[in-house]
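**Student:** Just passing along the structure, written as structure tokens.
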Amino acid sequence: MSETNPAAAEVAAPHRYTAAVAAEIEARWQDFWDADGTYAAPNPKGDLAGDPGLVAKPKKYIMDMFPYPSGAGLHVGHPLGYIATDVSARFQRMTGHNVLHTLGFDAFGLPAEQHAVQTGEHPRVTTEAAINNMKSQLRRLGLGHDKRRSFATIDPDYYKWTQWIFIQIFNSWYDDEAKQARPISELVARFESGERVVPGGRSWAALSAAERADVLSEYRLAYASDAPVNWCPGLGTVLANEEVTADGRSERGNFPVFKAKLRQWNMRITAYADRLLDDLNELDWPEAIKLQQRNWIGRSEGARVDFPIDGEAITVFTTRQDTLFGATYMVLAPEHPMVEKFTPAAWPEGTHDVWTGGHATPAEAVAAYRAQAASKSDVERQAEAKDKTGVFTGAFATNPVNGEQIPVFIADYVLMGYGTGAIMAVPAHDARDFAFARAFELPVRCVVEPSDDRGTDASTWDDAFVSYDAKIVNSHGKDVSLDGLGVTEAKARITEWLQDKGIGEGTVNFRLRDWLFSRQRYWGEPFPIVYDEDGIAHSLPESMLPLELPEVEDYSPRTFDPDDADTSPETPLSRNQDWVDVTLDLGDGRGPRSYRRETNTMPNWAGSCWYELRYLDPHNSEKLVDPEIEQYWMGPRAGQPHGGVDLYVGGAEHAVLHLLYARFWSKVLYDLGHISSPEPFHKLYNQGMIQAFVYRDSRGFPVPATEIEERDGAFFHNGEQVKRELGKMGKSLKNAVTPEAICEEYGADTLRLYEMAMGPLDVSRPWDTRAVVGQYRLLQRLWRNVVDEATGEVTVTDAEPDETTLRALHKAIDGVRQDLEGLRFNTAIAKVTELNNHLTKAGAAVPRPVAESLVLLIAPLAPHIAEELWRKLGHTESVVHQDFPVADPRYVVDETVTCVVQVKGKVKARLEVSPGISDDELEKVALADEKVVAALDGAGIRKVIVRAPKLVNIVPA
Ligand code: ANZ
């Protein structure tokens with residue numbers, strides 16, 4: 001009977017596993033699981049409380065990075081991670097855990113709003129349609145989600161708590177001594193009592209309300225400030241640093257981004273820089289992601305050093321204070337506020353022509369250079385390869401270690417936003433300073449002994465000598481010498497000297513900036529903030545939450561000519577007078593008053609900063625999460641000192657955005673006593689990408705992948721030869737494959753198996769629709785091993801399994817268990833396949849215990865067919881909560897292995913030995929073997945090399 005003739009097959013085998021059978025089984029069990037609440041994970045209390053027996057089990061919290069519901073729907077690349085967590089969750093359920101596994105939707109954000117702007121439809125309508133579409137697409141895959149726990153970030157019941165958390169952050173400050181966030185009221189009490197000096201030295205009582213608000217704003221963990229921000233006229237909104245590409249353009253839309261001074265909300269994430277770094281060590285995350293976070297936080301140990309100038313000082317930040325004697329000039333960022341102060345009216349006598357940029361006065365030169373620098377992004381300014389530009393300010397400062405007068409330049413390679421915005425330049429030992437010094441004919445002085453043969457006369461060098469592990473030279477002044485010291489000792493010595501003199505100190509600098517938290521958007525969480533007539537910001541009382549988005553006529557942002565930097569944002573909410581101007585009693589004893597609402601909205605990252613907490617207790621209207629429930633699912637435990645989700649799977653692109661923000665919010669909530677886990681995600685796993693072939697015609701345009709014909713390794717579209725390459729899957733490249741298409745052709749179980757079998761989960765792999773059938777065949781053979789295709793009757797026998805079958809079974813159990821635990825789904829499938837093939841080849845009816853174990857082994861991977869076969873085998877309870885098989889160790893080890901015995905390098909005997917044999921025992925057995933004795937022929941033994949259990953090598957005397 002031919003498998004390629006389905007019509008004939010159906011007649012002969014009406015009970016064969018086919019796509020139609022799969023479709024029927026899958027729909028039936030999905031309905032059953034939903035109705036039965038099979039995947040409902042009980043809480044220890046609250047409205048989701050359930051089965052105390054289950055709650056007594058160890059917990060596993062297995063989570064996906066939640067999806068943004070795109071209008072385009074899913075292609076087969078999207079669910080890779082969801083299938084993986086589902087397999088893992090099912091396996092953990094079968095190995096004695098109470099498993100929380102669910103999925104919500106991250107639904108605020110720009111795409112819905114942009115789509116709404118284009119179509120005229122309210123973003124809520126399009127977002128909800130996209131969510132429903134995605135839900136039905138995902139349901140078809142048989143994902144075992146606890147649907148009672150699902151939500152979307154746009155649900156007012158959810159964003160009520162996002163707003164509530166914002167208020168907690170707003171109403172707290174970072175106590176540097178206690179190294180934790182505390183309520184702002186405690187700071188006010190300290191100011192009031194005089195325990196803490198009010199900045200500026202006045203008494204708290206003497207300050208006006210507005211002055212107090214300004215003081216507190218310097219401490220609050222969420223604060224509004226006028227700061228240079230990334231303004232994107234093309235999108236009509238400001239952006240976080242993380243949303244700006246390396247070319248200084250918007251990640252979304254690719255528009256130019258400019259620096260503009262605007263009043264914006266920020267989150268003081270920098271207060272947590274040290275803890276965000278330190279706690280990484282306790283997390284089970286890919287090293288690459290930890291490294292990205294470390295680099296993003298960018299901790300640099302160094303010193304601040306004052307360079308006297310006109311009775312004041314320019315403070316620099318340096319990580320190489322050991323090279324102070326080599327500082328031959330200084331550079332300030334063009335925007336540095338002290339530049340004007342020191343710029344003289346005329347160029348000093350004898351000013352080098354190349355220093356002036358051809359300008360008549362220092363003021364002119366500075367103004368011209370500033371204008372030029374303002375048009376560049378930080379990244380452009382910092383590019384290593386770029387020619388160094390700059391201009392002399394006309395001023396000189398004093399190098400404090402040797403009293404030398406050194407010229408002060410402005411140059412765009414120094415950024416205002418890092419360190420102090422000023423550097424001491426050591427051209428001999430810093431590549432950028434070297435390039436600048438050569439361009440401006442400035443002296444280059446060697447103070448770190450080169451390890452190559454270039455010598456210490458730096459005027460002849462072609463490049464800077466950069467080393468952290470060399471001897472300091474040419475570095476002695478009146479009362480300090482670093483000569484002969486190593487870099488580390490020299491740093492310590494000079495830092496102490498600077499501190500003694502009061503002109504510098506050791507310091508730590510971070511690259512991390514505060515998180516810009518407001519957006520000029522409609523489709524985001526409104527801020528729970530109102531301003532009184534003095535412009536003072538007040539948070540709303542909890543009773544006024546959620547503050548819902550107003551229904552508006554025009555929710556589109558005002559955008560501008562993308563290249564016009566001289567524009568400023570106009571928030572969509574500001575146009576709704578009724579909503580903006582309100583009279584409220586904030587319950588602060590001041591009675592009803594008029595207020596103006598904040599009209600910015602939160603960035604789309606806000607909702608995903610804490611969603612792992614809400615899944616735990618999604619319907620709690622009193623608290624964001626009940627502490628006992630949080631403790632149960634998230635709390636610290638052995639091996640997880642900071643608690644957190646047990647497995648979090650998602651793409652590596654979220655390394656520094658979402659993952660850093662979510663860690664920060666967790667730490668604030670932890671400090672304030674709302675949760676017991678300072679880290680949200682204990683174990684992180686990044687799945688690879690499903691790639692797809694892209695076919696391009698002679699003009700380079702993609703043509704539909706489904707219309708390609710392959711002939712002799714070449715590809716044709718409508719007769720024209722096309723080129724094939726590997727790319728992303730998606731509509732724009734005309735190569736998207738939908739999960740529905742695969743489900744229709746083979747069923748969801750086949751799709752699940754194929755995605756898991758494609759390769760190790762963390763590796764990217766190309767989709768190949770033609771290969772899917774391989775997994776379909778596996779399921780057909782599995783079916784056939786249990787069910788008679790002609791009659792539909794179960795074929796298993798009550799006969800005892802033979803020894804070889806037992807060995808094949810227990811080896812598979814052992815291997816699959818380890819593989820599923822280690823997220824090695826592809827090798828687990830290979831082992832199930834091997835066992836299944838063994839049974840097929842044996843040709844006889846499969847013994848019942850073997851068939852049952854096989855079904856249990858595949859249940860996490862292919863849950864529908866497993867549930868069906870399990871019931872056919874006579875069970876009345878779902879396969880989902882069965883115990884995963886446990887291997888009998890007696891059958892796991894191979895009976896014997898062959899050991900080769902060599903004498904003088906030649907094989908003389910082969911011994912069948914136990915795989916667990918020790919070196920000593922094996923040596924004895926080998927030396928006693930007849931053939932070996934004969935080969936030695938009475939010669940003594942010089943050496944025996946034993947590699948149990950496979951090799952013995954005897955060297956005769
Ligand atoms: C003198 C020196 C000598 C430096 C030397 C380096 C090598 P990281 O490690 O990234 O923190 N720097 C300081 N502030 C800067 C700014 N606002 N813009 C551009 N560059 C700045 O880098 C710290 C080093 O970068 C500092 O140490 C300073 O140059 C420079 F052989 O000072 B160094």
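The values are calculated or read from the model by the stated rules, or taken from the named source; none is laboratory data. Not measured: the values here are computed from a predicted model. Reconstructed Cβ throughout: ideal geometry from the backbone, glycine too, with neighbour counts over all protein chains shown. Protein only, heavy atoms only, side chains kept; ligands, DNA and RNA dropped before computing areas. Shrake-Rupley method; radii C 1.70, N 1.55, O 1.52, S 1.80 Å.
**Student:** Of (1) of a type outside the set (A, V, I, L, M, F, W, C); (2) assigned to a loop (DSSP other than H, G, I, E, B); (3) open to solvent by 50 Å² or more (accessible area, probe 1.4 Å); (4) over 30 Å from Ser250 (Cα atoms), Thr488 satisfies all except one. Which?
**Tutor:** Among (1) of a type outside the set (A, V, I, L, M, F, W, C); (2) assigned to a loop (DSSP other than H, G, I, E, B); (3) open to solvent by 50 Å² or more (accessible area, probe 1.4 Å); (4) over 30 Å from Ser250 (Cα atoms), Thr488 violates only (2).
**Student:** If the Cβ limit is 8 Å and pairs must be 6+ apart or interchain, which residue in the range 503-527 that is closer than 22 Å to Pro228 by Cβ and of a type in the set (Phe, Trp, Tyr) pairs with which residue that is open to solvent by 40 Å² or more (accessible area, probe 1.4 Å) and within 13 Å of the ligand (Cβ to nearest atom)?
**Tutor:** Phe510/Arg299
**Student:** So, in the range 437-450, exactly how many residues are within 13 Å of the ligand (Cβ to nearest atom) and part of a helix (DSSP H, G or I)?
**Tutor:** Here the count works out to 1.
**Student:** Which of the helices (runs of 4 or more DSSP H) found entirely inside the range 306-425 contain at least 2 residues meeting this: free of Cβ contacts under 8 Å to residues at least 12 places away in the same chain and more than 16 Å from the ligand (Cβ to nearest atom)?
**Tutor:** Output list reads 362-374.
**Student:** Among the residues of the range 216-233, is any of a type outside the set (Phe, Trp, Tyr), in a loop (DSSP other than H, G, I, E, B) and under 21 Å from Ala374 (Cβ atoms)?
**Tutor:** yes
**Student:** Something else about it: Can you say whether Val188 is open to solvent by less than 60 Å² (accessible area, probe 1.4 Å) and over 24 Å from Arg275 (Cβ atoms), as far as the supplied structure shows?
**Tutor:** yes
**Student:** Could you tell me which of the residues Leu647, Leu657, Leu672 is modelled with pLDDT under 95, in contact with a helix residue (DSSP H, G or I) (Cβ under 7 Å, 6 or more places away or on another chain) and not acidic (Asp, Glu)?
**Tutor:** Going through Leu647, Leu657, Leu672 in turn, the sole match is Leu657.
**Student:** Ser88 fails exactly one of the following numbered conditions: (1) hydroxyl-bearing (Ser, Thr, Tyr); (2) part of a helix (DSSP H, G or I); (3) under 25 Å from Tyr158 (Cα atoms). What is the number of that condition?
**Tutor:** (3)
**Student:** Okay, moving on. What residue, among those in the range 456-483 that are acidic (Asp, Glu) and either within 16 Å of the ligand (Cβ to nearest atom) or under 17 Å from Glu404 (Cα atoms) (or both), is modelled with the highest pLDDT?
**Tutor:** Asp463
**Student:** How many residues are among the small types (Gly, Ala, Ser) and closer than 20 Å to Arg320 by Cα if we restrict to the range 447-464?
**Tutor:** Number of matching residues: 3.
**Student:** Right, something else. Taking Ala830 as the residue in question, decide whether it is buried (at least 19 other Cβ atoms within 10 Å of the Cβ), modelled with pLDDT of 95 or more and part of a helix (DSSP H, G or I).
**Tutor:** No; evaluated as a whole, the condition is false for this residue.
**Student:** Inside the range 109-211, counting only helices (runs of 4 or more DSSP H) that do not spill past its ends, which hold 2 or more residues that are farther than 23 Å from Gly524 by Cβ and hydroxyl-bearing (Ser, Thr, Tyr)?
**Tutor:** Filter on the range 109-211 gives 184-193.
**Student:** Determine, yes or no, whether Phe434 is away from the ligand (no atom under 11 Å from the Cβ), crowded, with 18+ Cβ neighbours inside 10 Å and either outside any loop (DSSP other than H, G, I, E, B) or free of Cβ contacts under 8 Å to residues at least 12 places away in the same chain (or both).
**Tutor:** So Phe434 fails the test.
**Student:** Within the range 23-56, count every residue that is more than 21 Å from Pro618 (Cβ to Cβ) and either touching a Cys at 6+ places or on another chain (Cβ under 8 Å) or not aliphatic (A, V, I, L, M) (or both).
**Tutor:** Total meeting the criteria: 9.
**Student:** I would also like to ask the following. Looking at (1) more than 24 Å from Lys376 (Cβ to Cβ); (2) acidic (Asp, Glu); (3) within 9 Å of the ligand (Cβ to nearest atom), can you tell me which one Asp453 breaks?
**Tutor:** Exception for Asp453: condition (3).
**Student:** Could you please give the count of residues in the range 281-299 that are surrounded by fewer than 20 Cβ atoms within 10 Å (Cβ to Cβ), assigned to a helix (DSSP H, G or I) and in contact with a strand residue (DSSP E or B) (Cβ under 7 Å, 6 or more places away or on another chain)?
**Tutor:** Residues that pass the stated criteria total 1.
**Student:** Another question, then. Yes or no: Phe693 part of a strand (DSSP E or B), open to solvent by 30 Å² or more (accessible area, probe 1.4 Å) and closer than 18 Å to Trp767 by Cα?
**Tutor:** Yes, satisfied.
**Student:** Across the range 139-151, what is the number of residues that are in contact with a helix residue (DSSP H, G or I) (Cβ under 9 Å, 6 or more places away or on another chain) and open to solvent by less than 10 Å² (accessible area, probe 1.4 Å)?
**Tutor:** Result for the range 139-151: 4.
Condition check ((1) more than 33 Å from the chain's Cα centre (by Cα); (2) more than 27 Å from Glu496 (Cα to Cα); (3) among the acidic types (Asp, Glu)) across all residues:
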| residue | (1), (2), (3) |
| --- | --- |
| Glu364 | yes, yes, yes |
| Ala371 | yes, yes, no |
| Phe392 | yes, yes, no |
| Asn399 | yes, no, no |
| Gly421 | no, no, no |
| His429 | yes, no, no |
| Glu449 | yes, no, yes |
| Ala470 | yes, no, no |
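**Student:** Let me ask another. Take the residues in the range 246-280 that are in contact (Cβ under 8 Å) with a residue 24 or more places away in the chain and part of a loop (DSSP other than H, G, I, E, B); name whichever of them is farthest from Gln292 (Cα to Cα).
**Tutor:** Checked the range 246-280; the qualifying residue farthest from Gln292 (Cα to Cα) is Phe255.
**Student:** For the range 535-651, which fully contained helices (runs of 4 or more DSSP H) count at least 2 residues that are farther than 30 Å from Arg263 by Cα?
**Tutor:** 611-614, 627-634
**Student:** Residues of the range 57-67 being outside any strand (DSSP E or B) and either in contact with a Cys (Cβ under 6 Å, 6 or more places away or on another chain) or buried (at least 20 other Cβ atoms within 10 Å of the Cβ) (or both), which ones?
**Tutor:** Selection gives Met65, Phe66, Pro67.
**Student:** Let me ask you something else. Checking the conditions here, which among Ala273, Ala303 is within 12 Å of the ligand (Cβ to nearest atom), open to solvent by less than 10 Å² (accessible area, probe 1.4 Å), small (Gly, Ala, Ser) and at negative phi?
**Tutor:** Ala303
**Student:** Let me ask you something else. Tell me the residue from Glu525, Glu496, Glu505, Glu548 that is over 25 Å from Thr398 (Cα atoms), out of contact with any Gly (no Cβ under 6 Å at 6 or more places or on another chain) and surrounded by fewer than 16 Cβ atoms within 10 Å (Cβ to Cβ), please.
**Tutor:** Going through Glu525, Glu496, Glu505, Glu548 in turn, just one is over 25 Å from Thr398 (Cα atoms), out of contact with any Gly (no Cβ under 6 Å at 6 or more places or on another chain) and surrounded by fewer than 16 Cβ atoms within 10 Å (Cβ to Cβ): Glu548.
**Student:** Another question about this same structure. Would you mention how many residues in the range 508-522 are open to solvent by less than 30 Å² (accessible area, probe 1.4 Å) and in a strand (DSSP E or B)?
**Tutor:** 4
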